[in-house]
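What follows is a single structure, written as C-alpha cells, with notes after it.
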Amino acid sequence: MSCFESSTFLKNPNVMNPHILQKACDKLGWKYTVYERELVVFNTNSNINLHGEYALKVIGNQVSYNNYYMKNGKELIANLQSQFYELSVVYARTTIIDAFENKGFNFKKNHDFVASSEEVDSFYMIGYSKNKKESEKRTAIKFTILKDGTIVSDSNYIPEDIHQLADEAMRQVDLSYGSERREGFEIKRKEIPTKYKHKAYCAVNSKIITKN
C-alpha cells in the first residue's frame, strides 16, 4: 500500500481463501459442506437446477469448478455466471474488511457512492496514526468493487505507522485473491500534492522515504 496510489486487484479464479469463502457463502445463504481440507459449495438459487451437482470445491486454497452446466446450454451458463459474480463481490468485500480490521482499521460506508452496472460497492477503511508528531492522524483508504469482484483501491497521504499496517493488510488481500500486482500496471501512482512533498511517502519500490 502506497501513498497517493490507485491499485487494482484482479482475482485469480483458481484461488480462494476457504475461511473467507465460507463467510461469503453464509452472507449469501449458499449451502456448503466441509470435509477435512475440502470445502464443497452448492448454489441454492431456486431458479438454477444443478441436479445435485456442486458449484465449486476448494482443496487447500485451490478451486475447481463443476463443468456439468457446460452440457446444458448457454442459459444455464449465464445464470451461473451471474451467481458467481454475486459470490465474487461478497468475497471481495469480506476479504478487504477482514484484512484491514485485523490490522486495527475500521469500516466506513461511502455515502456518496451510487452503484452502477460496473461498480457495485464502495467503502472506506479508516486508520488512525499513533505517532504523536503526526499532524494528520486519520487515514481513509477507499475501495471500490466491480461486478466481477475486481477490487480497486485509492489512497492519498498515509502516516508511516499506518502505512506499515496497510501494507500487511494489502498483502493479505493479495494472498486471498491469488494476485500479484505489478508496478505501472495494476499499481498506478498519483501526483503528490505540493503540501506533502516534505512529508513521509512511498517510493516506487513501496519503501517509506522522507524528504526534508
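Of the residues making up the range 1-40, those that are surrounded by 14 or more Cβ atoms within 10 Å (Cβ to Cβ), of a type outside the set (Phe, Trp, Tyr) and over 28 Å from Arg181 (Cβ atoms) number 1.
Restricting the range 162-183 to residues that are of a type in the set (Lys, Arg) and part of a loop (DSSP other than H, G, I, E, B) leaves a set whose member that is surrounded by the fewest Cβ atoms within 10 Å (Cβ to Cβ) is Arg182.
Considering only residues in the range 95-106 that are surrounded by fewer than 19 Cβ atoms within 10 Å (Cβ to Cβ) and in contact (Cβ under 8 Å) with a residue 40 or more places away in the chain, the one that is nearest to Lys27 (Cα to Cα) turns out to be Asp98. Taken residue by residue, the range 73-91 has no member that is touching a helix residue (DSSP H, G or I) at 6+ places or on another chain (Cβ under 6 Å), at pLDDT 95 or above, under 24 Å from Pro193 (Cα atoms) and crowded, with 19+ Cβ neighbours inside 10 Å. Within the range 107-130, being surrounded by 13 or more Cβ atoms within 10 Å (Cβ to Cβ), polar (S, T, N, Q) and more than 15 Å from the chain's Cα centre (by Cα) holds for Asn110, Ser129. Of the numbered criteria (1) under 11 Å from the mean Cα position of the chain (by Cα); (2) modelled with pLDDT under 95, the one Val173 fails is (2). I'm trying to understand the selection: among the residues of the range 107-120, which are touching a residue at least 24 places away in the same chain (Cβ under 8 Å) and more than 16 Å from Val152 (Cβ to Cβ)? Hit for the range 107-120 is Lys108, nothing else.
The values are calculated or read from the model by the stated rules, or taken from the named source; none is laboratory data. Since this is a predicted model, take the numbers as computed values, not measurements. With ideal geometry, Cβ positions are generated from the backbone for all residues, glycine too; neighbour counts draw on all protein chains shown.
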